[in-house]
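Asker: Starting off with a structure, shown below.
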Amino acid sequence: MTSPVTCEYSDGIAVVTIDNPPVNATGQGVRSGLLEIVGKIDSDPRVRAVVLRCAGRTFAAGADIGELGKPPLPPFLPTVVEAIENARPPWVAAIHGSALGGGLELCLACTARIADPNAKLGLPEVTLGTIPGAGGTVRLPRLIPLPDAVEMITGGKPVSGARALSLGLINVLSENDLVAEATALAASLAGKPKPPVLLDRPCRNAEDIDWSETEKMLAARARGAAAPLEALEAMKDSARLSSHEALSRERERFLRMTASEQAAALRYAFFSERQAGRSLTSINCEPANLDLVGVVGGGTMGAGIATALLLSGSAVRLLERDAEAARTAHNRVADMIQTSRARGVISRQGADEALARLVTTNDDKALISCALVIEAVFEDMRVKGEVFSRLDAIMPRRAVLATNTSYLDVDHLSAMTADPTRVLGLHFFAPAHVMKLLEVVRGKKTGDRTLATGAALARRLKKIAVVSGVCQGFIGNRIMSVYRRECHRMLLEGALPDQIDAAMRDFGFPMGIFEVQDLSGLDIAWAQRKAAAPSEDSAEPAMRIADRLCELGRLGRKTKKGWYDYGAGEKRVDPVVTLLIEQERAKAAGAARMFSRDEIMRRILRVMQLEGQLILDEGIAECASDIDVVMLTGYGFPRHRGGPMFMGTSEGHSLRGPRPR
Ligand code: COA
């Protein structure tokens, strides 16, 4: 078998190339190839310096994640890193694409580093539930200031080439030809004494960190994820112990964390996200051109979708009902682009150009040249139906028509058009220019070209596409409806909203279900309940409490009262709500009982898993991991737990069995 590591020699400089597609992961073949070459070079007196580079799209992007769940195979990365660090000639890392995890640890063993300005450098192990395992926590704070190293390692976020230069992580930014410049840098180091290796240097700016503050901040941010705090402990070791002691403790932590349940869950999430939407990418069909896209409706969702499109480079025609509404929509999009600029998503010039690609109008003929039109008007079948009939009448036959709906029947809407094959649902999540998830709703008659266009749109917007069949609420909202109802049922049995919210936060959700309802407003779900069950008798008793809150005008944060009282500027439990719950509980003739946080979460997970199983059985979702991706990326399910379906399988639950009541 040919080695993924090769070497070429010219004028005393060896250029070592790792070629292990797709991302040059430091799997076993790469490790043994590198170790062999280090030995060969060390014993070849003609070699005066070495360049380490990678072929293809990126520098080494870390350990082979597929290997991480299995017993590690020798040679281990620390051995390779040590060999490079102690090599006879100087090694120079030439970094393009991403140098992540083990890839960056190889760079830290080198005498110098040069990177492309677009390169990304980082130690993202915490995002996979573990910590660096080949010296990252020990060498990085000896190269860059310790507080910055702590931020990079506990946060897992890569830095840009420019930031790496300002931190001292790299010696120079490449201007033009990375490998040629790396070769020149290597030649300039040849024959000179090597500087002390990082392990022999003290940590930089070690006095500038407040460990207990950092720990508090991380504990709050981690929401139960163990790796960031474990990484912090490793950094403390790095600052307080000898390098060699810190290295051996790091390795022990790495092995323990890599074998943890959380790490398994996070690896599963990594691969599940990349697996999602595969059926779409395998469609052999040319998608519609997305350089010019129409959006109907410039409210929060429509403006968010328009912003996402503009940021991706598309031009947008945004249709509103009159000139005044079109102006408001224009301002809304301008604000969103501005916020994206403030978040560093886009440059000032990029923001100006994006806004210049927007045309807002109240003339529906302006849409005619768009190959795709996304409707994002009020969530009401009658209103959406009118828009669709009109679009069907004016849009050329090849144009694809999409509805951004979170609940409505896409088949019903498509039946209002002459050609239902050109209709699909696109369920965006608010804010649409920020949230990563896109449910691509495949109607019974949706055609391949239409689906291929949905996939192309997701790719263009850098979103994770999950395919859903048609049902009330698709994958995500359907699961959310059942667990929300289960939470309401627990109210009737004795739990209180703040107990349920606390249990969910404890589990790792950023917010509990009642806090979420207060944030998004109680009125939309109320309207849906009224439409579905107008008579009180047929209404779900557990939802009566929510109905009564709405009747009292308590619609959530926007009215300063909902499940909680926000009148004093902060969230407070409101005795009025507690009383109301007790009244409804008495009507339901249920005796109140105590709930533990554990029981609350078991109930919530169980209904999520059962509904997920139904969604699979009905063919709404293509696979269980798609359901998890939806919950992780759209509904705040804690990533370090993998998702409800993952938990159901890994805990050995039978997902079938009686549905609770
Ligand atoms: N190990 C194994 N496979 C990996 C991998 C890794 N470290 N990183 C990426 N891949 C695979 C992906 O699963 C995908 O495979 P597929 O095409 O069969 O689905 C392929 O490489 C491309 O990855 P993708 O993420 O789709 O490409 P991208 O260009 O959007 O992003 C990276 C490239 C490197 C930025 C991104 O893949 C990444 O962040 N990888 C993880 C890096 C990491 O965490 N390393 C530390 C490990 S401890």
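Read-outs throughout are calculated quantities, based only on the coordinates presented, and are distinct from any laboratory measurement. Note that the structure is predicted; figures quoted are calculated from it, not measured. Cβ atoms come from the backbone with ideal geometry, glycine included; neighbour counts cover every protein chain shown.
Asker: Go through the range 403-413 residue by residue and turn each phi into a ³J(HN,Hα) via Karplus (6.51, -1.76, 1.60, θ = phi - 60°); whole Hz please, and just put x for glycine and proline.
Answerer: 10, 8, 10, 9, 9, 6, 7, 5, 5, 5, 5
Asker: Looking at the range 18-99, which trypsin sites (Lys or Arg not before Pro) are DSSP coil and have at most 16 other C-beta atoms within 10 Å of their C-beta?
Answerer: Listed in order of number, the matching sites are ARG46, ARG57.
Asker: Can you give the net charge of the other residues whose Cβ lies under 14 Å from the Cβ of ILE394, counting K and R as +1 and D and E as -1?
Answerer: 0
Asker: Something else about it: Once the Cα atoms of helix 575-587 and of the chain are each reduced to a long axis, what angle between those two axes, in degrees from 0 to 90 to the nearest 10, is obtained?
Answerer: The helix 575-587 is inclined about 60 degrees to the chain.
Asker: 5 Å is the cut-off here: which amide hydrogens, built 1.01 Å from N in the peptide plane, fall below it relative to ALA621, excluding neighbours closer than 5 in sequence?
Answerer: Placed amide hydrogens put GLY469, LEU616 under 5 Å from ALA621.
Asker: As a test of understanding, state the convex hull volume per residue of the chain from its alpha carbons, in Å³.
Answerer: Roughly 180 Å³ of hull volume per residue.
Asker: Check which residues have an amide H placed less than 5 Å from GLU375's amide H, if you skip close sequence neighbours.
Answerer: VAL296, ALA402, THR403, ASN404
Asker: Short version: ³J(HN,Hα) in whole Hz for each residue of the range 162-174, in order, from phi by Karplus 6.51 cos²θ - 1.76 cosθ + 1.60 (θ = phi - 60°), x for Gly and Pro, what are they?
Answerer: Values per residue, Gly and Pro as x: 5, 5, 4, 5, 5, 7, x, 6, 10, 8, 7, 8, 6 Hz.
Asker: Now a separate question. Name the lysines eligible as straight-distance cross-link partners of LYS120: C-alpha to C-alpha under 25 Å, and not fewer than 8 places from it in the same chain.
Answerer: LYS157, LYS436, LYS462, LYS463
Asker: So, one more: What do you get for the angle between helix 597-617 and the principal long axis of the chain? Use alpha-carbon atoms, 0 to 90 degrees, nearest ten.
Answerer: 80 degrees
Asker: Okay, moving on. Enter the angle in degrees (range 0 to 90, nearest 10) between the Cα long axis of helix 497-507 and the first principal axis of the Cα atoms of the chain, meaning the one along which they spread out most.
Answerer: Once rounded, one gets 20 degrees.
Asker: Check cross-link reach from LYS587 to the lysines: straight Cα distance under 22 Å, and skip same-chain residues fewer than eight apart.
Answerer: Partners found: LYS530.
Asker: Please compute the net charge surrounding LEU292, taking Lys and Arg as +1 and Asp and Glu as -1 over other residues with Cβ under 10 Å from its Cβ.
Answerer: Net local charge, LEU292 excluded: +1.
Asker: Taking amide H positions as placed 1.01 Å from N in the peptide plane, with prolines and chain starts having none, which residues 5 or more places from ILE464, or on another chain, fall under 5 Å of its amide H?
Answerer: Answer set, sorted by chain and number: LEU437, LEU438.
Asker: Which of the peptides 620-627, 415-422, 440-447 is most tightly packed, and how do the rest follow, going by the mean number of other Cβ atoms within 10 Å of each residue?
Answerer: So the peptides 620-627, 415-422, 440-447, ranked by packing, come out 620-627, 440-447, 415-422.
Asker: To the nearest 20 Debye, how big is the dipole of the range 468-511 about its Cα centre, given +1 on the beta carbon of each Lys and Arg and -1 on that of each Asp and Glu?
Answerer: In total the dipole reaches around 240 debye.
Asker: Which one, THR281, GLY313, ALA592, is farthest towards the positive end of the dipole of the chain when Lys and Arg carry +1 and Asp and Glu -1 on their Cβ?
Answerer: After comparing all options, I get ALA592.
Asker: With runs of 4+ DSSP H residues as the only contributors, calculate the mean residue ellipticity of the chain at 222 nm using -39,500 (n - 2.57) per run, divided by the residue total and rounded to the nearest 500.
Answerer: Calculated mean residue ellipticity at 222 nm is -14500 deg cm²/dmol.
Asker: Let me ask you something else. What's the center-to-center distance, using Cα atoms, between the range 557-610 and the range 254-321 in Å?
Answerer: The distance from the Cα centre of the range 557-610 to that of the range 254-321 comes to 34 Å.
Asker: Exposure proxy check: TRP211, TRP526, TRP91 ranked by fewest other beta carbons within 10 Å?
Answerer: The most exposed by this proxy come first: TRP211, TRP526, TRP91.
Asker: Within 10 Å of each residue's Cβ, count the other Cβ atoms and sort TYR9, TYR407 from fewest upward.
Answerer: TYR9, TYR407
Asker: While we're looking at this one, here's another question. About its Cα centre, how strong a charge dipole does the range 290-468 have in debye, to the nearest 20, once Lys and Arg get +1 and Asp and Glu get -1 at the Cβ?
Answerer: 600 debye
Asker: Here's a follow-up. May I ask you to order 287-296, 560-569 by the average number of other C-beta atoms within 10 Å around their residues, highest value first?
Answerer: So the order, starting with the most tightly packed, is 287-296, 560-569.
Asker: Turning to a different aspect of this structure: Quick one: Karplus J couplings for the range 81-97, per residue in order, coefficients 6.51, -1.76, 1.60, θ = phi - 60°, nearest Hz, x for Gly and Pro?
Answerer: Karplus-based 3J(HN,Hα) across the range 81-97 equals 4, 5, 5, 5, 4, 9, 5, 5, x, x, 10, 10, 8, 10, 9, 10, x Hz.
Asker: Just the number, please: percent antiparallel of the DSSP beta bridges in the chain, rounded to the nearest 5.
Answerer: Of those bridges, close to 30 percent are antiparallel.
Asker: Dipole size in debye (nearest 20) for the chain around its Cα centre, Lys and Arg Cβ +1, Asp and Glu Cβ -1?
Answerer: 300 debye
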